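The values are calculated or read from the model by the stated rules, or taken from the named source; none is laboratory data. Just so we're clear, the structure is a prediction, and the values are computed from it rather than from any experiment. Here the Cβ is made from the backbone with ideal geometry for all residues, glycine too, and neighbour counts use every protein chain on show.
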Ligand code: C5P
């Protein structure tokens, strides 16, 4: 299991300060929409300048027509990131076209699909997707697997069932982790490191429990020890 630290601070400077504090650790860094839209490719370069061994997960959750998604995926190759994601609900044809377009690249990034956004409650989810979250998350995971993606973004509680219906090597990346039972804040279904490990999760994403801590480096160290 790997630790992915969410760079969700309000400014580029604060994000880079956090990266500095944890630069000696073997972790992934998650760059999301806000940071990427504001700070762009330069930000990715700044991270690599601090430690070229950091792996970067570009969390842009692509959703568009198949050709546009494949074009965007190809542009992402040029950024040199190690992982990115798309929405499974964009459909199998879109996911297949993305994977098809990336075939020619050696060492392409890991491609994950978002199943169900964790912000949805059942009622809101059904209004958009006409089904229960559990049922659709499994279906979206199967679609992503059949389309040749490497894994999905899901909750720690879905990791085992998704691996069962796809393959144990099909990766799961789970946000909503409270490493040692910290405050859940706005997350609905939180899990700790021990649970994620037992569910064979491949990547845990941790934001606030690290960047809001007095000493982020010591929290990272503790999580890595537990992993
Ligand atoms: O601060 P916290 O540990 O809750 O941060 C979790 C990170 O994972 C945030 O960047 C959040 O946007 C992201 N995320 C999530 N749920 C998803 C997908 C991404 O919490 N389904």
Pairs please, first residue from region 4-21 and in contact (Cβ under 8 Å) with a residue 60 or more places away in the chain, second anywhere and more than 13 Å from the ligand (Cβ to nearest atom) and in a helix (DSSP H, G or I), Cβ atoms under 6 Å, 6+ apart in sequence or on different chains.
21/217
Out of everything in region 140-150 that is in contact (Cβ under 8 Å) with a residue 40 or more places away in the chain and farther than 12 Å from residue 87 by Cα, what residue ends up being surrounded by the fewest Cβ atoms within 10 Å (Cβ to Cβ)?
146
So in region 103-123, with the set limited to residues that are at pLDDT below 95 and surrounded by fewer than 18 Cβ atoms within 10 Å (Cβ to Cβ), which one is nearest to the ligand (Cβ to nearest atom)?
117
Among the residues of region 183-218, write down those that are more than 18 Å from residue 118 (Cβ to Cβ), out of contact with any strand residue (DSSP E or B) (no Cβ under 8 Å at 6 or more places or on another chain) and outside any loop (DSSP other than H, G, I, E, B).
194, 197, 198, 216, 217, 218
Would you be able to say whether some residue in region 59-67 is touching a residue at least 40 places away in the same chain (Cβ under 8 Å), part of a loop (DSSP other than H, G, I, E, B), touching a helix residue (DSSP H, G or I) at 6+ places or on another chain (Cβ under 9 Å) and crowded, with 16+ Cβ neighbours inside 10 Å?
no
Taking into account only those residues within region 158-178 that are in a loop (DSSP other than H, G, I, E, B) and more than 9 Å from the ligand (Cβ to nearest atom), which is nearest to the chain's Cα centre (by Cα)?
170
Hey, does region 80-88 have a residue that's more than 20 Å from the chain's Cα centre (by Cα) and either within 16 Å of the ligand (Cβ to nearest atom) or farther than 18 Å from residue 151 by Cβ (or both)?
no
Of the candidates 16, 44, 29, the one satisfying the condition of being part of a helix (DSSP H, G or I) and in contact with a helix residue (DSSP H, G or I) (Cβ under 7 Å, 6 or more places away or on another chain) is 16
Per the list (1) within 13 Å of the ligand (Cβ to nearest atom); (2) more than 19 Å from the chain's Cα centre (by Cα); (3) modelled with pLDDT of 95 or more, residue check on residue 182 breaks on (3)
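This table checks each residue for (1) in contact with a helix residue (DSSP H, G or I) (Cβ under 9 Å, 6 or more places away or on another chain); (2) in a helix (DSSP H, G or I); (3) at positive phi.
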{"position": "38", "(1), (2), (3)": "yes, yes, no"}
{"position": "56", "(1), (2), (3)": "yes, no, no"}
{"position": "70", "(1), (2), (3)": "yes, yes, no"}
{"position": "81", "(1), (2), (3)": "yes, no, no"}
{"position": "85", "(1), (2), (3)": "no, no, no"}
{"position": "96", "(1), (2), (3)": "yes, yes, no"}
{"position": "106", "(1), (2), (3)": "no, no, no"}
{"position": "112", "(1), (2), (3)": "yes, no, no"}
